[in-house]
Amino acid sequence: DWDRRARENARYYVATGKTEWSDAEFFASGEQAVAEDILTDMGNVCQGKDPKQMRVIEIGCGAGRITRALAGLFGEVHAVDVSGEMVARARAACSDRPNAFVYQNNGTDLT
């Protein structure tokens, strides 16, 4: 089902606030989400570690909106999704982020 949704309108199904997103709007919304949900709790998230020295995982990365933002903050980001279509979009979205790695997984474990 997620492959169909990704082909239909991946960005809408990732962030349903709009049906049509420009690149700038879509990725800015990811930066905003990270600012609101991660940056506000960095003490708890990092536990005293330098974020540039940390590896994080994003489960259910969709089209890479949050993955891209996380890659600007953490040393390595490993992101997974069950949809091959979403993975392709996330890889394209993060192509300029050498510290972002996107994988397709089976949805039941992280092998």
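The values are calculated or read from the model by the stated rules, or taken from the named source; none is laboratory data. Please read all numbers here as calculations on a predicted model, not as lab measurements. Cβ placement follows ideal geometry from the backbone for every residue including glycine, while neighbour counts extend to all protein chains displayed. When the accessible area is computed, the model is the full protein with side chains, heavy atoms only, and any ligands, DNA or RNA have been set aside. Shrake-Rupley method; radii C 1.70, N 1.55, O 1.52, S 1.80 Å.
Values for this structure:
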{"quantity": "Three-way shape call for the stretch 44-111 based on the alpha-carbon gyration tensor, with the a/c threshold at 1.5", "calculated": "oblate"}
{"quantity": "Charge dipole (debye, nearest 20) of the chain; +1 at Cβ of Lys and Arg, -1 at Cβ of Asp and Glu", "calculated": "200"}
{"quantity": "Selection of trypsin sites (Lys or Arg not before Pro), the stretch 23-82, meeting DSSP coil and at most 15 other Cβ within 10 Å", "calculated": "LYS49"}
{"quantity": "Accessible surface, per residue, of the chain when the full set of protein chains is kept, probe 1.4 Å, Å²", "calculated": "57"}
{"quantity": "Long-range amide H partners of PHE101 with built H, under 5 Å", "calculated": "VAL77, HIS78, ALA79"}
{"quantity": "Along each principal axis, Cα extent of the stretch 21-73, largest first, Å", "calculated": "36, 19, 16"}
{"quantity": "Order by protection proxy (mean Cβ within 10 Å, highest first), peptides 32-45, 78-91", "calculated": "78-91, 32-45"}
{"quantity": "Anisotropy class of the stretch 1-91 from Cα gyration tensor, a/c 1.5 cut", "calculated": "prolate"}
{"quantity": "Per-residue [θ]222 nm for the chain (sum of -39500 (n - 2.57) over DSSP H runs n ≥ 4, rounded to 500)", "calculated": "-13000 deg cm²/dmol"}
{"quantity": "Portion, in percent, of the accessible area of the chain that falls on carbon or sulfur, probe 1.4 Å", "calculated": "49"}
